[in-house]
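The values are calculated or read from the model by the stated rules, or taken from the named source; none is laboratory data. Since the structure is predicted, the reported quantities are computational estimates derived from the model, not experimental observations. Cβ sites come from the backbone with ideal geometry, for glycine too, and all protein chains shown count toward neighbours. Calculation scope for accessible area: heavy atoms of the full protein, side chains included, ligands and nucleic acids excluded. Shrake-Rupley method; radii C 1.70, N 1.55, O 1.52, S 1.80 Å.
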Amino acid sequence: MFNMIKPAFLSIGLISSTMHPVASAAPVTPVSEDSQESHQARMKWWNEARFGMFIHFGLYSVHGGVWNGKKTNFYAEWIQATFDIKLEDYVHLSKKFNPNEFNADDIVLTAKKAGMKYLVITTKHHDGFCLWPTQQQTDWNITATPFKRDLIGELAAACKKHGIRFGTYYSISDWHHPSQYIHRDAKGRATEDSYFQTRMHEGRKAEYLAYMKAQIAELIKNYDTDIIWFDADWVGWWTLEEGQELYRYIRSLKPSIIINNRVAKRNKFKFDFGTPENETPESTLDHAWEACWTMNNSWGYKSHDNSWKSSQELVRKLVDISSKGGNLLLNVGPRGDGLIPGPSVERLADLGKWMERNGESIYGTAASPFGKLRWGRCTARNSPSGATLYLHVFDWPKDGKLVLPGLKNAVLSAQLLGKDGNLTFDKQGSLVLLQVPDQAPDPTLSVIKLEIQGSPDIVPMPSLPGKLSASSTWSAPGHEPSMAGDGKLSTRWSAAATAKQGHLEIDLENETSVGNAFIVENYAHRTEEFALEYWQDGLWKEAWRGTKIAGEKWLSFPPVKAKKFRLNILKAKDVPTIEEFSLYAH
Ligand code: H79
């Protein structure tokens, strides 16, 4: 078996055809193939949908990641590559494919009940097997199985019937098509790279291209597919230009179709949408995107993979992605009998229950207007008169006080989503202080709905960047002043071992008007007296004075303009230690 690289660390975009990482690519300008207006128009339903189902189903599903008693430690759908199964052995799998329990209505309704608005199924994965009765292949398709039924046709029809958009996955790399081959050494062994980089036989690319075009035309003509979801654009013989050409061809067949960026080269091409795989970007992107995620660690059914993400984790994933303006394509891998595994079904039901109550905060929403929020995520819905902000609280405040920093707009109302009655709140400068119940009302994830006046006007977040220094520092590494400015509550600055007072200074580099500060001292609550000071006319002047910090403290004061600010701990029970100290422009 190959020595597998952990897929999470794999950045396909940086892998060249020879598998040598190339120097980091220059920033990529998206290549527009048509006007922004028409792109937006055809993406409308997709943008509103936010949530779809990915289905990995194929001959490999029968084996569940086990071959001759050996269990794969990689993706189950890669089993042919992982165990270097010779084609003459792999082809027999088609005789074992008989998913008698497959029921298109059940699958589509499972997706629909989960709150999903579209699905994408593997019509042809890397093994080249076609899950529909294609006219382009006589034997390597579903008609050659004991099952015989047109599985893709049944699913497409069920989608139409239940109002779910239908999409088709298609691998560019093909381990079965005669145009390509698996490279072997003199002893007949395939190298790690062989299956990843199928080799194209000299002079046979045109034939394969014609084959792909004809098959995609079938998917459009026979099933009216709404999305073509390409994969395996990483093969060295596939170029950006060929991909763009294919993109244009498909669009000419069905103008409203949505095509993912892997049609060409994923790190260069961003139309119609980008496709981060098993990862979620840190923030919004400059193009439409959809993150695809597995529920365990495999796409195809893998019998020995029990590393299921919890329902709460999946809800948070959907929320996190929505708050950054993306879609979530969440995968299921039906078993050889055609049924979705129990743990997936349970999670989808949980997601559905949450979406039933909170879907308003997801569907058709825009990305968060804020930078990072420490306690969770935000989605927004803009209307001509104002906007609605949905605050998704991951870490419910223990003291019943939730602070939303940096909102200049007037707040008209606040309520728990789906509950009657309003929450009381107070507005101090750009801080919204919300009084919430002591306990999160929804154990999975609670949402607070804010109606605001006008479109969101946000104080630039995150906190102002600056250089931190301190009066003294604990001698062991890991307690430096910068630890109080890294945005993490798990790290902290500590003064020297004998100190009972001290200061933590932020140098903002430029004179800045500051009206809010944030301090966290969760650890030990040692401060008894402190001041927030700023350097002006050769003196430290006071903007705020207080006693205990004891947890999180938001300071809101008449704005002062300065370059240097400091938290001066005047008296402490023991060594001063601060987890976060940040300033906000006014
Ligand atoms: O369909 C799913 C996966 O099968 C497919 N895309 C999703 C949606 C896919 N994802 N990543 N890959 C395929 C690339 C896999 C790369 C690897 Fe390797 C193959 C890692 C280990 C084997 C190449 C060879 C890189 C290292 C060794």
Could you tell me the center-to-center distance, by alpha carbons, between the range 311-386 and the range 273-304 in angstrom? 13
Net charge within 12 Å of Leu253 by Cβ-Cβ distance, Lys/Arg positive one each and Asp/Glu negative one each, not counting Leu253 itself? +3
Can you tell me the 0 to 90 degree angle between the C-alpha axis of helix 151-162 and the longest principal axis of the chain, rounded to 10? 50
Once Lys268, Lys113, Lys95, Lys205 are ranked on solvent-accessible area with the largest value leading and a 1.4 Å probe, the list reads Lys113, Lys95, Lys268, Lys205
Viscosity 0.692 mPa s, temperature 37 °C: what is the translational diffusion coefficient of the range 373-416 from Stokes-Einstein with a Kirkwood Rh over Cα pairs, rounded to a whole number of µm²/s? 277
Calculated [θ] (222 nm, deg cm²/dmol) that DSSP helices of n ≥ 4 give over the chain, each run adding -39,500 (n - 2.57): -6000 deg cm²/dmol
Calculate, for the range 37-144, the solvent-accessible area per residue in square angstrom, rolling a 1.4 angstrom probe over the heavy atoms of the protein chains. 37
What do you get for Rg/Rh over the range 463-536 if you use C-alpha atoms and the Kirkwood form of Rh? 0.94
Binned at 10 Å starting from 0, the alpha-carbon pair-distance distribution of the range 46-161 in whole percents comes out as 13, 41, 32, 13, 1
Highest to lowest packing among 35-41, 364-370, scored as the average C-beta count within 10 Å: 364-370, 35-41
Around Trp308, under 12 Å between beta carbons, what's the net of Lys plus Arg minus Asp minus Glu among the other residues? -1
Solvent-accessible area per residue for the range 428-586 at a 1.4 Å probe radius, Å²? 46
What does the charge count near Ser556 come to, summing +1 for each Lys or Arg and -1 for each Asp or Glu among other residues with Cβ under 11 Å from its Cβ? +1
Under the classification rounded if a/c is under 1.5, otherwise prolate if a/b is larger than b/c and oblate if not, where does the range 257-403 fall, given a ≥ b ≥ c as square roots of the Cα gyration tensor eigenvalues? oblate
For the range 378-477, what's the relative contact order in percent, using C-alpha pairs closer than 8 Å and at least 6 residues apart? 36
Leaving out ligands, DNA and RNA but keeping every protein chain, what accessible area does Phe129 have, in Å² rounded to the nearest 10, with a 1.4 Å probe? 10
Assign one of three labels to the range 542-582, namely rounded, prolate or oblate, based on the Cα gyration tensor with a ≥ b ≥ c the square roots of its eigenvalues; rounded applies when a/c is under 1.5, prolate when it is not and a/b is larger than b/c, and oblate otherwise. prolate
Report, to the nearest whole %, how much of the accessible area of the range 86-161 belongs to carbon and sulfur atoms, 1.4 Å probe, protein only. 50
On a 1.4 Å probe surface of the protein chains, which of Met43, Met483 comes out largest in accessible area, and what is the full order? Met483, Met43
Let me check against my output: what whole-number percent is the relative contact order of the chain, with C-alpha pairs under 8 Å and at least 6 apart? 12
Is the shape of the range 415-521 best called rounded, prolate or oblate, per the rule: a/c under 1.5 gives rounded, else a/b larger than b/c gives prolate, else oblate, with a ≥ b ≥ c the square roots of the Cα gyration tensor eigenvalues? prolate
Alpha carbon centroid spacing (whole Å) that separates the range 489-530 from the range 240-256: 56
Probe 1.4 Å, accessible area per residue of the range 295-336, Å²: 27
Whole-percent carbon and sulfur share, accessible surface of the range 332-456, 1.4 Å: 49
Over the residues of the chain, compute the C-alpha Rg and express it relative to 2.2 N^0.38 Å. 1.12
Which order do the peptides 440-450, 52-62 take when ranked by the mean count of other beta-carbon atoms within 10 Å per residue, highest first? 52-62, 440-450
In percent, how large is the relative contact order of the range 151-297, given Cα pairs closer than 8 Å and 6 or more residues apart? 19
What angle, in degrees between 0 and 90 and rounded to the nearest 10, separates the Cα long axis of helix 104-113 from the longest principal axis of the Cα atoms of the chain? 10
Which order do peptides 120-128, 287-295, 557-565, 231-239 fall in by mean Cβ count within 10 Å, highest first? 120-128, 287-295, 231-239, 557-565
Sorted list, accessible surface of protein heavy atoms, 1.4 Å probe, largest first, for Thr379, Thr498 is Thr498, Thr379
Accessible surface of the range 470-578 [probe 1.4 Å, protein heavy atoms]: carbon and sulfur percent: 48
